Amino acid sequence: MTASDVRDFDPGDGWISTPSTTPTPAWPADVQPWSTSTLPALDPDRGQGTPAWSEVVEHFREGLVVCDAEGVVRHVSPVAERLLPEVVPGELLASAGVPGLGETAPSGFTHRGRRLSARQVSLSAGRCCWYVEDVTESASRADALLAERARSAFLAVVGDKLGNPLHPDRAAAAVVRLAVPTLAEVSVLVLAPRAGRARWWRASRADDEAPIVDSGMLSESDLPTAIADGLTGVEPHAVDWLVEQAVDAGWLPGLAGVDSAARVVPVPGRDAPAGVLLVARRASRWYDEDDVHLLRAFAARAGAALTTALLYRDQAEVADTLQASLLPVEPAEVPGVQWGTAYRPAQAGLRIGGDFYGSHRLADGGSVFFLGDVSGKGVEAAVFTGQLRQCLQALHRVESHPGRLLRLLNDALLETTQAHGQGRFATIVLGVARPQRDGSVTLTMAGGGHLPPLVLRTSGEIESVPLRGMLIGVVPDPRVGEVTVRLAPGETCLLYSDGVTEARGGRRGDEQFGTERLTAAVTGCHRMPAPALAERIEQVTCDWLAHGDHDDIAVLALRAVGAGPRAARHLHSVPTPEEPSEPAERPSRPEEQPTRPAEPPTGTGEEPARPEEQRESPA
């Protein structure tokens, strides 16, 4: 098809020709087009007259007002008569007093409670015609659509703002702040009472400034009746008296009780309302049905946010309590022993893991100490360590020998894991530390499949304790290794978990830290206090990891520090056995010694002290 074909083509009547050109036959030679003589003639009906134009315009949707050049009304259509009864033919249009029909008339105006639109069209000979249309319904629909869009946008903002706070206080403050100024000039949120007291938040706005939020506590007995009813899920309808009481009590700053309107809606919760929302504003903006629906939708979103925040708070409190009970407990102080610990769980956000350590005092002055690692990570492993620690806390009171205590622990763990179907196991080093009179500490240790401890001697030598054994919680009668180590004053025994030796890092990020690097890291640290040594091992391991993933890390250092400063406070009034004493030179008793006047000291230090001076001298 060519451009000429498009110009000469009529989609409804086929090919038509123009007066200036002769069309090219578009039909085949053996097919003849329809003859025009077969179509009936379209002659006008001469028997009916042409309708009057006033009869035609009567059915227009717009009303017509025709004025001459002097502004005198010459014709008013029936639609215009209904819309503008003041406009009368033969009188000036300006004298009708219709504000929308003038030289500076707006395109839309309100007349007799109806929304009208008017437009002027110029005619010949200076005449003009006004087209007036009733747009009340269309304008109402447009206004309703805009209002609904505004409400939807407001609720979208509310959902976005209330989706972030997970703390009840921040969520409540956000609720009252978002209600101003869209829903109210003053909004008050009262949460459900706890322990007889109700927490409240309030937001108020002055002029165009940002809302001011404050909060406080209120006794449950002081709550107004409407607020108490709202906490039961009832929405009060007539709250004029509440406005007056709230204004008198200072709840609604900047508002007067006579010229204000208020609404109270419950804030939905899980089983009962989470609170009650009171909104108030000046009476120039009464709460109509649409406002109430918007307020309820807002309260529903506020209730969801508050419920989530309260649930998160309760769960956080439970989690904190459980985590505190599952965290490793610092070893109990024992005379002559210094403890050092370090702990870093695999999941730092949980603060708990599968490694554990601790100690318990014994009645004879010694201490049961332990460090171990359970299978798995995270919460489940932490719960298993809690069970293991509780077993140790109970069993050490009936058995203090490390080997027998470890076997009892194995039986208890087997019973627990089989009852719950967990199939977990643990490795552990369990020992008893007993300080000696000479300041040394004797360690009797039993091994349950854990890494052998290291001993840092005062000479700088590092020894690996040959401690072996089987896993705990796997078989009924495991093989348990036992060994006894003596720590001289200043020597340290170091226990650690596989999170130290199996930490992967280095240049390529996949090389294990290993026992050799651990030994090199503690070489020369034999004079370090136990806390500093444990912290050093943790720091060296973390440096090797370089912020990579790791297993739980636990370190327990036990250092013999001697009897302490208490030994220097003893008085030695009896000669030591090493000093010989002959009978002839036995010192006489005080009453047998000759009396002589006291002489001042000579300063040589060779003058023996008098008996009374010896008794009064400090130790």
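Considering only Ala381, Leu558, His450, and ranking their Cα positions along the charge dipole of the stretch 329-565 that arises from unit charges at the beta-carbon of Lys, Arg, Asp and Glu, the one farthest toward the positive end is Leu558. When the P(r) of the stretch 55-134 is calculated, the portion above 14 Å amounts to 58% of the C-alpha pairs. Take 429-435, 197-203 and order them by the average number of nearby Cβ atoms within 10 Å per residue, most first; the result is 429-435, 197-203. Here the stretch 143-318 is described by how far its Cα atoms reach on the three principal axes: 49, 37, 31 Å, from widest to narrowest. Here the dipole of the stretch 329-565 is about 340 debye; that uses its Cα centre as origin and unit charges on the Cβ of Lys and Arg (positive) and Asp and Glu (negative). Note on the stretch 81-181: Kirkwood hydrodynamic radius from all Cα pairs is 17.8 Å, rounded to one decimal. Across the stretch 211-285, counting alpha-carbon atoms alone, Rg and Dmax equal 12.6, 37 Å. Take 207-220, 464-477 and order them by the average number of nearby Cβ atoms within 10 Å per residue, most first; the result is 464-477, 207-220. When the GluC sites (Glu not before Pro) in the stretch 403-473 are filtered for DSSP coil states and for at most 15 other beta-carbon atoms within 10 Å of their beta-carbon, the remaining sites are Glu461. Take the Cα radius of gyration of the stretch 329-565 and divide it by 2.2 N^0.38 Å, N being the number of residues; the result is 0.97.
When you filter the GluC sites (Glu not before Pro) in the stretch 75-163 for DSSP loop state and at most 10 other Cβ atoms inside 10 Å of their Cβ, you are left with Glu103. Using the Cα centre of the stretch 55-134 as origin and beta-carbon charges of +1 (Lys, Arg) and -1 (Asp, Glu), tell me which of Gly63, Gly108, Pro89 is placed farthest towards the positive end of the dipole. Comparing the listed Cα positions along the dipole, Gly108 ranks first. Highest average first, the peptides 496-507, 154-165 ordered by how many other beta carbon atoms sit within 10 Å of their residues are 496-507, 154-165. Between the C-alpha center of the stretch 137-204 and that of the stretch 437-499 there is a gap of 64 Å. Remark on the stretch 118-160: Rg and Dmax equal 19.6, 63 Å (Cα only).
When the dipole is taken about the Cα centre of the stretch 115-268, and only Lys, Arg (+1) and Asp, Glu (-1) are charged at their Cβ, what size is it in debye, to the nearest 20? Intermediate values should be presented prior to the final figure.
Numbers: 15 positive and 20 negative charges, 121 e Å.
So the magnitude is around 580 debye.
Throughout, read-outs are computed from the coordinates displayed, never taken from laboratory work. These figures come from a predicted structure and were not determined experimentally. Heads up, the Cβs are rebuilt from the backbone with ideal geometry, glycines too, and the neighbour counts pull from every protein chain shown.
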